[in-house]
Amino acid sequence: MAKLKIGICGWGNVATGLYEQLINGNEFYSDWEISCIGARRDNSRCNPGSTKIIRDIFDVVKEDIDVLVELIGGVETARDLITEALNSGKHVVTANKAVIFEHGEELINLAIKNNVRLLFESAVCAGTPTIKILSNDLSANKISKVAGMLNGTTNFILSKMEEGASYADVLKEAQDNGYAEPDPSLDVNGTDAAHKIGILSALAFNSGLPAPDFYIEGIEDIQPHDFIYAEDFDFTIKHLAVAKLSAGGIELRSHPVMLNKNSSLAGLKGVRNGIQFDTDLLGAFHVAGSGAGRESTASGLISDLHALSKSPEILPINYPDFSNKPNILNFNDLIFKFYVYLEVKDEAGVLALISKIFADHSISFDKVIQKDQLENSNVPVVIFTDPIIESEMQIALEDLTNHPEIFNFKIIRIEDL
Ligand code: HSE
């Protein structure tokens with residue numbers, strides 16, 4: 001077999017992690033050659049030795065390489081680079097979930113047209129296998145739901161907050177560990193997880209890349225007290241991304257949830273990601289593993305490079321059928337149970353007022369607790385509701401704002417897994 005000639009584009013945390021694995025790792029890499037590195041600047045963390053360095057990443061495409069590994073991140077320049085590589089007859093391996101989410105249909109069609117491969121195993125859950133599992137190993141199954149904690153940074157933050165750490169301190173630790181994106185707001189605001197579930201949904205349900213509609217919410221408003229109240233009822237708080245097949249179409253959402261502590265994903269802590277696939281033949285099927293960081297991402301990238309070097313003529317995944325897209329459901333029409341946190345004036349009649357507002361919107365309470373007075377002498381009231389349509393809950397929350405006895409409130413949706 002001829003050597004697989006690799007051009008790496010990007011020279012940050014992930015690219016240097018891949019380089020170090022390829023230089024120091026397993027013996028089957030001896031059939032591979034790092035022909036060049038497209039690096040706009042040096043990285044003091046890693047010495048590339050005598051490997052050819054190219055300052056204009058677009059010049060990497062002109063080199064004698066079989067595969068370009070795109071690790072520059074971002075969307076539009078990455079799209080241009082991948083386009084140029086595919087049009088030049090090079091295979092492309094990428095860890096870039098944003099570019100696959102935003103331009104996946106166009107880029108996959110381009111790969112097919114040019115008879116080359118575009119592989120992106122590490123775009124979802126870094127090295128924890130998901131894309132090939134979903135696309136190949138589960139192909140006999142009808143998938144009804146894919147639900148996962150798909151962002152390592154948010155799971156790391158929430159796990160540490162549950163143990164009492166502060167949000168800001170833990171975010172800094174996630175950045176120092178190389179889990180967070182260069183712009184960490186994409187992690188904490190739910191966008192990164194949305195990109196990943198969008199990719200899985202395209203593979204499971206042909207829902208399109210990009211998906212036309214999505215509900216996205218981050219973890220920025222989660223407070224330590226939410227974990228304490230969740231614990232009272234055997235719940236924990238996670239950030240979950242969901243793609244679910246229903247009668248009228250697909251629901252796509254990425255937001256914090258309360259999960260029963262006994263559910264399969266609730267026990268995954270730190271940077272771990274986990275996914276539950278609901279299938280007809282296997283029932284609920286789970287994968288879990290490290291979802292961010294240089295070593296984990298290198299593992300996924302090398303799995304794609306391995307597939308290319310072993311049999312470049314065989315496509316190791318089944319691309320989505322973009323000619324057959326389903327309807328995407330409106331988030332406001334979905335039904336959830338809710339955790340509602342309210343901070344209210346400590347005076348007679350306030351609980352009755354809250355009950356009336358919710359009753360006016362046909363929202364039934366499953367459990368209600370009033371906690372001890374806060375330092376500001378307000379009292380927290382915590383409600384767990386029965387199932388109600390999202391739009392009705394939003395109208396009820398709007399109604400709460402009309403009452404000066406109610407100072408602030410928040411909801412977290414409850415997910416049954
Ligand atoms: N920032 C991402 C995360 C990296 O925290 O999950 C892996 O995609």
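The values are calculated or read from the model by the stated rules, or taken from the named source; none is laboratory data. In this text the structure is predicted, and so the values were computed from the model without any measurement. Neighbour counts are summed over all protein chains in view; Cβ atoms, including those assigned to glycine, are modelled from backbone coordinates with ideal geometry.
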### Task
Taking the options LEU240, LEU186, name whichever one is closer than 30 Å to GLY12 by Cβ, within 12 Å of the ligand (Cβ to nearest atom) and not β-branched (Val, Ile, Thr).
LEU186
### Message
Any residue at all in region 285-293 that's on the phi < 0 side of the Ramachandran plot, more than 16 Å from the ligand (Cβ to nearest atom), at pLDDT 95 or above and not acidic (Asp, Glu)?
### Response
yes
### Query
What strands (runs of 3 or more DSSP E), lying completely within region 16-121, carry at least 3 residues that are in contact with an Asp or Glu (Cβ under 7 Å, 6 or more places away or on another chain) and closer than 30 Å to ALA194 by Cα?
91-94
### Task
Output the residues belonging to region 129-166 that are farther than 18 Å from THR279 by Cα, of a type outside the set (S, T, N, Q), within 15 Å of the ligand (Cβ to nearest atom) and part of a helix (DSSP H, G or I).
GLY152, PHE156, ILE157, LEU158, LYS160
### Query
Condition test on ALA78, is it in contact with a strand residue (DSSP E or B) (Cβ under 9 Å, 6 or more places away or on another chain), touching a residue at least 24 places away in the same chain (Cβ under 8 Å), among the small types (Gly, Ala, Ser) and farther than 17 Å from THR16 by Cβ?
no
### Task
Scan region 30-48 for residues that are more than 24 Å from LEU81 (Cβ to Cβ) and in contact (Cβ under 8 Å) with a residue 24 or more places away in the chain and jot them down.
ASP31
### Task
Evaluate region 254-266: report whether one residue or more is of a type in the set (Ser, Thr, Tyr), within 30 Å of ASN24 (Cα to Cα) and either in contact with a Gly (Cβ under 8 Å, 6 or more places away or on another chain) or not in a strand (DSSP E or B) (or both).
no
